[in-house]
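Undergrad: Mind having a look at this structure? Questions to follow.
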Amino acid sequence: MSEVKIAAATRTEFGKGAARRIRRDDKVPGVLYGHGSDPLHLTLPGHDLLLALRTPNVLIALDIDGGKTNELAIPKSVQRDPIKGFLEHVDLQLVKRGETVTVEIPVQAEGELAPGGYLLEYVLDALPVEAEATHIPEQVTVSVAGLEAGASIHAKDIKLPSGVKLAVEDDTVVLQVLSAQAEEPAAEGAGEGEEAAEA
């Protein structure tokens, strides 16, 4: 996985007013925590962080206060403005090279389902796994080619890269194929619905 370098600065101002001032400067307030150390409050460049977060579980190499401290981190929680979508706050987890972390990686389906208008349901959009902090896969790809209604893909069916282990039960359903519900004509459907309600 790629490693993204971001320059950060420690911050000593807190509260909503301070956060607003930080965001006005196109920066994002954040917290770095982990390994039993005290949380470190940071200010990060908004544009650089936004680009980095396009990659799930991106590994961020933090250059703090002009190189006084260098740390590796992965994003754990990202808060965005619900309307405008800009970054409001980010929580970063401190990691070390060689350390195993538990993360969720996106599931990507490929291939065409069997003919018949079936629907593919993502029971899990992301698969919880354990991986080495500097080798977290960006996603897992699952073939659904030719699957029909009733078919399911379980966690154990997904091929994981070397060194990556499941962090859920083997029989956890990740994807399943449903039959498309045929809509009945409105005139017939109304009568049947009333009968069903009475029953």
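The values are calculated or read from the model by the stated rules, or taken from the named source; none is laboratory data. Worth saying up front: this structure is predicted, and the values here are computed from it rather than measured. Here the Cβ positions follow ideal geometry from the backbone for every residue, glycine too, while neighbour counts run over all protein chains shown. Surface areas here come from the heavy atoms of the whole protein model, side chains and all, with no ligands, DNA or RNA. Shrake-Rupley method; radii C 1.70, N 1.55, O 1.52, S 1.80 Å.
Undergrad: Sum up the charges of everything whose Cβ sits under 13 Å from the Cβ of ILE136, counting Lys and Arg as +1 and Asp and Glu as -1, but leave ILE136 out. Walk me through the numbers on the way to the answer.
TA: Working: positive: LYS76, ARG97, LYS165; negative: GLU3, GLU99, GLU104, GLU130, GLU132, GLU138.
Taking every Cβ under 13 Å from that of ILE136, the sum is -3.
Undergrad: So, one more: What is the projected area of the convex hull of the Cα atoms of region 48-129, averaged over all directions, in nm²? The partial results should precede the final answer.
TA: Numbers: hull surface 33.8 nm².
With every direction weighted equally, the projected area is 8.4 nm².
Undergrad: Debye sum, Cα scatterers, the chain, no solvent: what log₁₀ I/I(0) at q = 0.08 1/Å?
TA: With one equal scatterer per Cα and no solvent, log10 I(q)/I(0) is -0.42.
Undergrad: Got a number for the accessible area of ARG23? Probe 1.4 Å, square angstrom, nearest 10.
TA: Ignoring ligands and nucleic acids, ARG23 comes out at about 70 Å².
Undergrad: Sorted from largest down, give the three principal axis spans of the alpha carbons of region 18-66, whole angstrom values.
TA: Cα extents, longest axis first: 32, 27, 20 Å.
Undergrad: Given the -39500 (n - 2.57) contribution per DSSP H run of 4+ residues, what per-residue ellipticity at 222 nm results for the chain, rounded to the nearest 500 deg cm²/dmol? Don't jump to the answer; show the numbers that get you there.
TA: Details: 3 runs with 29 residues, N = 199.
Calculated mean residue ellipticity at 222 nm is -4000 deg cm²/dmol.
Undergrad: Given a 1.4 angstrom probe, what's the average accessible area per residue across the chain, in square angstrom?
TA: 60
Undergrad: Please state the Cα pair-distance histogram of region 83-130 with 5 angstrom bins from zero: what percent is in each bin?
TA: 5, 12, 13, 15, 15, 16, 10, 9, 5, 2
Undergrad: Grab the beta carbon distance between ILE158 and THR102, set R0 = 22 Å, and tell me the FRET efficiency rounded to 0.05.
TA: Numbers: r = 16 Å, r/R0 = 0.74.
Here the calculated transfer efficiency is 0.85.
Undergrad: May I pose another question? Please name whichever of VAL95, ALA114, THR10 sits farthest to the positive end of the charge dipole of region 3-154, dipole taken about the Cα centre and charges placed at Cβ: Lys and Arg +1, Asp and Glu -1.
TA: Projecting each Cα onto the dipole axis, the largest value belongs to THR10.
Undergrad: Treating only the Cβ atoms of Lys and Arg (+1) and Asp and Glu (-1) as charged, compute the dipole magnitude of region 1-155 about its Cα centre; round to the nearest 20 debye.
TA: Dipole of region 1-155, to the nearest 20 debye: 860 debye.
Undergrad: For the chain, what proportion of DSSP beta bridges, expressed in % and rounded to the nearest 5, is antiparallel? Display every interim value, and only then the final one.
TA: Numbers: 38 of 52 bridges.
Percent antiparallel among DSSP bridges in the chain is about 75.
Undergrad: Here's a follow-up. Please give the length that would be gained between GLU112 and THR134 if that part of the chain were fully extended, namely 0.36 nm times their separation in residues minus their C-alpha to C-alpha distance (nm, one decimal).
TA: Between GLU112 and THR134, full extension yields an extra 4.6 nm.
Undergrad: State, as an integer percentage, the relative contact order of the chain based on alpha-carbon contacts under 8 Å between residues 6 or more apart.
TA: Reported relative contact order: 17 percent.
Undergrad: Going Cα to Cα from LYS16, which lysines come in below 24 Å? Please leave out same-chain ones fewer than 8 positions away.
TA: LYS27, LYS76, LYS84
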